[in-house]
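A.B. asks: Just dropping this structure here.
The values are calculated or read from the model by the stated rules, or taken from the named source; none is laboratory data. On a predicted model such as this, the values are computed, not experimentally measured, just so you know. Here the Cβ positions follow ideal geometry from the backbone for every residue, glycine too, while neighbour counts run over all protein chains shown. Ligands, DNA and RNA are stripped out before the accessible areas are found, and what is left, the full protein with its side chains, is counted by its heavy atoms. Shrake-Rupley method; radii C 1.70, N 1.55, O 1.52, S 1.80 Å.
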Amino acid sequence: MKIMVTGGCGFIGSNFVRYWHTRHPEDHLLVYDKMTYAARKENLHDLWENEQISFLQGDIAEMSAVRRACLEHQTELIVNFAAETHVDQSIAGPLVFTDTNVRGTHVLLEVARELGIRFHHISTDEVYGHIEDQHQSTEEDPLLPRSPYAASKAAADQLVQAYHITYGLPVTITRGSNNVGPFQYPEKAVPLFSTNVLLGEPLPVYGDGLQMRDYTHVIDHCSGIEAVLLRGQPGEVYNVGTGEEMTNLEMVDIVLQELNGNPSLIRHVQDRPGHDRRYSMNISKMRNLGWTPAFHPRQAVAEAARWYAENRWWWEPIRSGAFREYYERQYRDRLAGHTA
Ligand code: NAD
Ligand code: TYD
């Protein structure tokens, strides 16, 4: 099969390319990526020489470029990871989230419809919004996004489903929870806290740190996507997570223990506006497909933290480059006025 993997130089996309190539070496994978700040070609350093994997720099929101890429590659399946993905960046500069996550997804759907290509969309538990008490989101729950990032992902999900209902396009959607693992850009919490511990820098915990997330190993997300691609039903949505949450303070504690960090590095800083307190998903539908996560969230966070300790070659150039400006903007005032 010929598969176009959009956003394949990002965190989850690159893990998926390696995962899929290892298990399905007969398939040809075209990595189509705009190469934003979050992309790294070195995420796939060991695979670029392989003739089953090729790369094309391009924007999913550019219709003619997407159509040309699909025609030349004879794409049979698009797996869409391409997105702007960080909530804090969406609060500071939201419009690009609409350009890529909404319009970009729409362009991919149009090309898929025109050329008769199967479409798999990577979504997120954040589309369900903040989840109260003991509830776990099911795939039928209403979408109640609360950040510009989550709203753009929810809009994309609805376009994907509309293309199935209206045009009969064969689509599937997976909604993943917070992923952790190798090659995650250090703007996200687990790699940020891990690299800060390794650098001896403070750990900026937003608010009381009692927000809850389901930290899933990225390899479990990849195997979940594989299960849906092989056994999922067209038009269906699938929640991919572990079904277990922990607080951010528990996550920080695991990172500190794994890296022998000092808890005195923790700073409670000004909270994120509109911060969702809890995400939690029911994963029965995926279990019914015969899929189950291999990693407990504690193990996933610990393994991720260890990866950053063992792979300074990957993150040190990022932390010393343009990332520093973002870090200053996002954290200087927060850390100067921290609340504990
Ligand atoms: P990432 O930020 O690490 O990578 C995103 C990739 O998309 C980058 O390589 C970037 O260059 C590319 N990209 C951005 N805009 C593009 C455009 N206009 N055209 C082509 N390529 C473009 O993101 P990630 O964490 O790997 O997330 C991948 C997908 O998974 C996203 O759709 C995200 O919403 C979803 N998701 C992420 C998580 C998570 O915890 N990281 C959880 C659930 C779902
Ligand atoms: P993040 O990795 O940004 O994922 P998301 O907000 O999409 O779930 O953040 C995970 C959790 O960690 C979230 O509750 C926000 C919190 N957080 C902090 O407390 N401090 C930080 O510096 C960051 C980036 C996140």
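A.B. asks: Six or more apart or on different chains, Cβ atoms under 6 Å: show the pairs whose first residue is in the stretch 1-23 and within 13 Å of ligand 1 (Cβ to nearest atom) and whose second is among the hydroxyl-bearing types (Ser, Thr, Tyr) and open to solvent by 10 Å² or more (accessible area, probe 1.4 Å).
C.D. replies: Met4/Thr75
A.B. asks: Further, regarding this structure: Tell me, which residue of the stretch 53-72 that is in contact with a strand residue (DSSP E or B) (Cβ under 8 Å, 6 or more places away or on another chain) and open to solvent by less than 50 Å² (accessible area, probe 1.4 Å) is nearest to ligand 1 (Cβ to nearest atom)?
C.D. replies: Per the stated criteria, the residue is Ile60.
A.B. asks: Only one residue in Leu192, Leu199 is of a type in the set (A, V, I, L, M, F, W, C), more than 19 Å from Glu139 (Cα to Cα) and within 15 Å of ligand 1 (Cβ to nearest atom), so which one is that?
C.D. replies: Just a single option satisfies the conditions, and that option is Leu192.
A.B. asks: Considering the stretch 216-237 alone, what residues qualify as being open to solvent by less than 10 Å² (accessible area, probe 1.4 Å) and not hydrophobic (A, V, I, L, M, F, W, C)?
C.D. replies: Thr216, Asp220, His221, Gly224
A.B. asks: Does any residue of the stretch 156-170 turn out to be under 17 Å from the mean Cα position of the chain (by Cα) and within 24 Å of Gln89 (Cα to Cα)?
C.D. replies: Within the stretch 156-170, one or more residues are under 17 Å from the mean Cα position of the chain (by Cα) and within 24 Å of Gln89 (Cα to Cα).
A.B. asks: For a quick check of your reading of the model, give me the residue pairs whose first member lies in the stretch 94-117 and is over 18 Å from Gly58 (Cα atoms), whose second is outside any helix (DSSP H, G or I), with beta-carbon atoms closer than 7 Å and at least 6 apart or on different chains.
C.D. replies: Short answer, once both residue conditions are applied: Arg113/Leu169; Ile117/Thr75; Ile117/Glu76; Ile117/Leu77; Ile117/Ile78.
A.B. asks: For Asn179, which of the numbered conditions (1) modelled with pLDDT under 95; (2) within 16 Å of ligand 1 (Cβ to nearest atom); (3) not charged (D, E, K, R) fails to hold?
C.D. replies: Going through the list (1) modelled with pLDDT under 95; (2) within 16 Å of ligand 1 (Cβ to nearest atom); (3) not charged (D, E, K, R), Asn179 breaks only (1).
A.B. asks: Name the single residue that is most open to solvent (accessible area, probe 1.4 Å) among those in the stretch 81-99 being part of a helix (DSSP H, G or I), more than 13 Å from ligand 2 (Cβ to nearest atom) and within 20 Å of Gly8 (Cβ to Cβ).
C.D. replies: Top of the filtered list is Asp99.
A.B. asks: Right, next: Pick from the stretch 280-312 the residues that are of a type in the set (S, T, N, Q) and open to solvent by less than 40 Å² (accessible area, probe 1.4 Å): which of them is nearest to the chain's Cα centre (by Cα)?
C.D. replies: Ser280
A.B. asks: Sticking with this one: Yes or no: Thr75 out of contact with any Gly (no Cβ under 6 Å at 6 or more places or on another chain), open to solvent by less than 50 Å² (accessible area, probe 1.4 Å) and over 21 Å from Glu226 (Cβ atoms)?
C.D. replies: For Thr75, the condition - out of contact with any Gly (no Cβ under 6 Å at 6 or more places or on another chain), open to solvent by less than 50 Å² (accessible area, probe 1.4 Å) and over 21 Å from Glu226 (Cβ atoms) - is not met.
A.B. asks: Can you name the residue in the stretch 100-139 that is open to solvent by 10 Å² or more (accessible area, probe 1.4 Å) and among the acidic types (Asp, Glu) and, of all such residues, is nearest to Ala150 (Cα to Cα)?
C.D. replies: Filtering first and then ranking leaves Glu126.
A.B. asks: Residues in the stretch 185-206 that are within 9 Å of ligand 2 (Cβ to nearest atom) and open to solvent by 20 Å² or more (accessible area, probe 1.4 Å): how many?
C.D. replies: 3
A.B. asks: Could you check the stretch 155-191 and list, in sequence order, the residues that are of a type in the set (D, E, K, R) and assigned to a loop (DSSP other than H, G, I, E, B)?
C.D. replies: Within the stretch 155-191, Glu187, Lys188 meet the criteria.
A.B. asks: Could you name every one of the helices (runs of 4 or more DSSP H) located completely within the stretch 203-300 that has at least 2 residues being over 18 Å from Glu139 (Cα atoms) and not β-branched (Val, Ile, Thr)?
C.D. replies: Counting at least 2 such residues, we get 218-231, 248-258.
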